[in-house]
Amino acid sequence: MRQGWIVALASVMLVMLVTAVPPASASQSSVLFLSTQLRPIEEAEKMRQSILAGYPGHVEFIPVEPVPFADRVLAETRAGRVMISLVGGVHGDFPALVNAGALQPADDVLSRLADRGFVPAYVELGKLGTPYQQYIPWMQATYIMVASREALKYLPPGANLDSLTYGQLKAWGENLLKATGRRLLGFPAGPKGLMHRFFQGYLYPSYVKSTVTHFRSQEAEAMWKEFTELWAYVNPQSTSYEFMQEPLLAGEVWVAWDHTARLINALRERPQDFVAFPAPIGPKGRGFMPVLTGLGIVKSAPNPEGAASVIEYLTRPDVQLAILREIGGFFPVIQVAMPADLPAGVKLAAEAVAKQSASPNAVPSLLPVGLGVRDGEFNRVFVDTFARIVLRREDVRRVLDQQAEKMRRIMAEAKAPCWPPDEPSTGACPVL
Amino acid sequence: MRSERYLPYLLLLPSIVFLAFFFAMPLAEAFWLALRAGEAGWSLENFRRMASDLYFGDAARNTLLLTAVVVPIQVVLALAMALLLGGVRQGRDVLLYIWSIPLGISDLAAGIVWLSIFTERGYLNSLLHALGLIDTPRLWLSYENPLGLFVSVAVAEVWRATAIVLVILVAGLQLIPKEYAEAAEVFGATAWQRFRRVTLPLLKPSLQTALILRTVLAFEVFAVVLTLTGRNLPVLAGEAYNWYAAYQVPGVAAAYAVLILGLSLAATWMYLRLVQVKPEVTTS
């Protein structure tokens with residue numbers, strides 16, 4: 001008797017296990033919004049509780065890291081059971097989705113937003129080289145410098161923050177070391193830091209005016225030698241830094257370069273203690289990298305109309321300004337006048353960003369385009385080159401030649417044509 | 001009575017299904033991923049890329065060194081703590097609870113706790129400064145100070161994972177009948193002799209379990225190293241993560257996973273051979 005009971009129970013449990021009930025699908029009225037942006041918990045909370053709170057419908061905002069982001073969208077598309085309606089990410093998050101045919105062109109959404117005044121270059125980027133609008137521009141950001149006011153009195157003579165050169169940055173670091181006995185420059189060279197963008201969008205364009213084609217040129221060799229000298233004044237904990245606002249607030253570094261969204265807390269919390277200024281200038285000009293984020297609609301989405309109306313909402317002038325005011329590191333992608341009542345820290349960042357992009361010797365670079373899944377390997381070429389030359393002191397020429405070989409393979413496999421600041425190419429971008 | 005004969009299998013089935021889904025299948029998949037190279041079919045290309053990588057040598061060396069340093073320290077410490085506990089009459093449970101607190105803390109949280117101690121503006125530097133031992137903060141976690149990095153990780157690992165060995169050994173000690181030690185005492189054995197000749201041999205099965213478990217886990221060390229050192233002290237599991245998440249090359253990540261599996265199997269086999277348990281011990 002008793003055994004029979006247990007057998008029955010075990011069988012029931014087994015049946016429950018193997019025929020696991022699928023999760024209930026999201027209700028039609030709600031929009032599931034997957035994003036690689038606004039991941040830090042404070043930013044995600046602000047997005048949910050203040051930005052999206054003004055939207056008339058229900059939006060479920062889920063920020064995830066880039067790899068699970070692509071994995072999930074592609075898995076849902078392949079399985080034919082799409083739950084996500086809206087995706088948000090940086091430009092580089094989209095090619096993988098477009099190549100897999102996971103996005104629904106958004107030309108009709110864009111045509112309804114004609115009065116927004118999007119930056120035309122950004123609209124073009126949103127097509128990803130296809131005839132259709134794959135994403136609608138959402139927010140923009142860039143990388144700038146922030147320094148503690150205490151550091152300003154050690155600026156080398158004749159140096160001006162708005163036209164600082166890399167040579168002067170090195171001299172500044174040297175002065176700081178002499179005065180304090182500490183290495184007070186800082187870079188986000190930790191595992192999740194954005195140091196690769198410094199090489200791709202700032203150092204290489206400023207010294208070589210190229211990131212790919214002239215990767216192993218004479219100029220690049222001289223650049224790495226100079227940067228190794230500068231590194232003598234960089235806090236060695238930089239190889240674990242990820243968001244420079246933290247070491248700045250802790251006083252571990254006094255001068256730092258990073259993404260605006262990763263510096264903004266220092267500026268917001270203590271605007272009286274910090275200054276923000278454009279990236280330094282090299283022999284070929286002021287290299288800098290604008291970062292564009294966009295919004296796309298997933299093909300066979302359960303709620304495409306909802307997704308389109310969330311895009312309409314997020315690109316409204318007042319919402320774009322609310323994002324800037326509340327979250328801080330991301331700037332509008334539409335034509336809108338900056339209000340006078342911005343928080344002091346946000347204003348500091350906004351001024352530095354404006355100065356950087358308006359500078360007459362600017363060398364703007366794009367985030368890598370068309371590399372798809374090889375994006376990570378491409379970033380790695382720069383990070384490994386840095387580790388070998390600057391941290392391990394290997395021979396510069398030999399490292400550049402070996403890393404150029406890897407770069408050549410990646411470009412050939414991805415068949416990616418050159419993007420600015422490199423000259424346009426027919427076929428894969430050459431590595432000379 | 002058919003049902004009675006099949007009952008044990010039926011009851012085991014859910015766990016077998018579970019293991020098949022969550023362990024056997026991913027395992028097979030890892031081998032599959034590691035041994036395929038695009039359209040080229042079966043190949044060792046992923047292993048070649050792994051072995052020729054900039055960080056592979058350091059990662060393999062650091063993982064093996066960490067295991068070789070941390071596991072013996074943990075076993076000796078846990079053994080001492082377990083024996084101490086045996087001698088405590090009052091408050092034994094309280095002590096055991098306190099000692100096993102690190103067990104309840106995630107690796108990542110443990111890493112963050114120790115980061116707040118060792119970082120430039122951390123508790124260690126504050127303490128040393130307050131005691132007047134240093135003027136400016138020392139950098140313990142810098143790539144220029146590999147010994148400091150290694151010691152920090154080893155200390156954090158010993159703190160975090162000694163408790164698991166302790167719990168196994170405490171359980172093992174409780175299984176040893178008191179009569180053996182009492183008999184030895186009657187025959188005039190010293191405390192050291194009782195430990196060496198009575199306790200230790202009878203504890204062998206537990207020691208074997210603890211060693212296998214700790215060593216396998218030590219090969220997988222990841223979150224503590226990542227939080228404390230970033231990439232400054234590469235380890236195998238960390239490289240697997242980097243290849244998967246940062247470079248998006250799952251094949252090489254799988255090759256690392258297969259390597260870790262191989263190391264774990266080798267270590268388990270070694271312990272089964274070296275720490276031989278006589279049948280009479282297991283059945284007593």
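The values are calculated or read from the model by the stated rules, or taken from the named source; none is laboratory data. Small disclaimer: the values here were computed from a predicted structure and weren't measured. All Cβ positions, glycine included, derive from the backbone under ideal geometry; neighbour counts span all protein chains shown. Heavy atoms of the whole protein, side chains included, go into the accessibility calculation; ligands, DNA and RNA do not. Shrake-Rupley method; radii C 1.70, N 1.55, O 1.52, S 1.80 Å.
Being touching a residue at least 60 places away in the same chain (Cβ under 8 Å), surrounded by fewer than 23 Cβ atoms within 10 Å (Cβ to Cβ), over 26 Å from A:Asn265 (Cβ atoms) and touching a Lys or Arg at 6+ places or on another chain (Cβ under 7 Å) is not true of A:Lys170.
Under the condition of being within 22 Å of A:Pro236 (Cα to Cα) and open to solvent by less than 70 Å² (accessible area, probe 1.4 Å), which residue from segment B:100-114 is farthest from the other protein chains (Cβ to nearest Cβ)?
If we take residues in segment B:100-114 being within 22 Å of A:Pro236 (Cα to Cα) and open to solvent by less than 70 Å² (accessible area, probe 1.4 Å), then B:Val113 is farthest from the other protein chains (Cβ to nearest Cβ).
Taking segment A:31-53 as the search range and keeping residues that are out of contact with any helix residue (DSSP H, G or I) (no Cβ under 7 Å at 6 or more places or on another chain) and open to solvent by less than 20 Å² (accessible area, probe 1.4 Å), which one is nearest to A:Gly88 (Cα to Cα)? In this case the residue turns out to be A:Ser35.
Scanning segment B:208-224 for residues that are among the polar types (S, T, N, Q) and more than 14 Å from B:Gly262 (Cα to Cα) turns up B:Gln208, B:Thr209. Contact map, segment B:24-42: residues that are closer than 11 Å to B:Val252 by Cα paired with residues that are open to solvent by 60 Å² or more (accessible area, probe 1.4 Å) and at pLDDT below 90, Cβ distance under 6 Å, separation 6+ or inter-chain. Pairs shown: B:Leu35/B:Trp42; B:Ala37/B:Glu45. If I filter segment A:191-207 for residues that are farther than 30 Å from B:Phe222 by Cα, open to solvent by less than 50 Å² (accessible area, probe 1.4 Å) and of a type in the set (S, T, N, Q), do I get at least one hit? Checking segment A:191-207: at least one residue is farther than 30 Å from B:Phe222 by Cα, open to solvent by less than 50 Å² (accessible area, probe 1.4 Å) and of a type in the set (S, T, N, Q). Within segment A:374-382, does at least one residue satisfy the condition of being open to solvent by 20 Å² or more (accessible area, probe 1.4 Å), among the β-branched types (Val, Ile, Thr) and assigned to a helix (DSSP H, G or I)? The answer is no; no qualifying residue exists. With a requirement of 2 or more residues that are at pLDDT 90 or above and within 13 Å of chain A (Cβ to nearest Cβ), the helices (runs of 4 or more DSSP H) lying completely within segment B:178-245 that satisfy it span B:223-229, B:236-241. Condition (residue is more than 27 Å from the chain's Cα centre (by Cα) and on the phi > 0 side of the Ramachandran plot) applied to segment A:107-114: is it met by at least one residue? The answer is no, given that none of the residues of segment A:107-114 is more than 27 Å from the chain's Cα centre (by Cα) and on the phi > 0 side of the Ramachandran plot. Residues that are over 20 Å from B:Arg61 (Cβ atoms), within 13 Å of chain A (Cβ to nearest Cβ) and among the aromatic types (Phe, Trp, Tyr) were ranked within segment B:115-165; the one that is surrounded by the most Cβ atoms within 10 Å (Cβ to Cβ) is B:Phe118.
Scanning segment A:129-155 for residues that are more than 17 Å from the chain's Cα centre (by Cα) and either within 19 Å of A:Val98 (Cα to Cα) or among the hydroxyl-bearing types (Ser, Thr, Tyr) (or both) gives A:Gly129, A:Thr130, A:Pro131, A:Tyr132, A:Gln133, A:Gln134, A:Ser148, A:Tyr154.
Residues of segment B:1-45 being at pLDDT below 90, in a helix (DSSP H, G or I) and polar (S, T, N, Q), which ones? Correct list: B:Ser3 only.
When segment A:221-232 is examined, which residues are found to be among the hydrophobic types (A, V, I, L, M, F, W, C) and open to solvent by 10 Å² or more (accessible area, probe 1.4 Å)? Before the answer, list the steps.
Just the residues of segment A:221-232 that are among the hydrophobic types (A, V, I, L, M, F, W, C), to begin with: A:222-224, A:227, A:230-232.
Result: A:Ala222, A:Ala232.
Does B:Gly172 satisfy the criteria of being assigned to a helix (DSSP H, G or I), more than 14 Å from chain A (Cβ to nearest Cβ) and in contact with a helix residue (DSSP H, G or I) (Cβ under 7 Å, 6 or more places away or on another chain)? For B:Gly172, the condition - assigned to a helix (DSSP H, G or I), more than 14 Å from chain A (Cβ to nearest Cβ) and in contact with a helix residue (DSSP H, G or I) (Cβ under 7 Å, 6 or more places away or on another chain) - is met.
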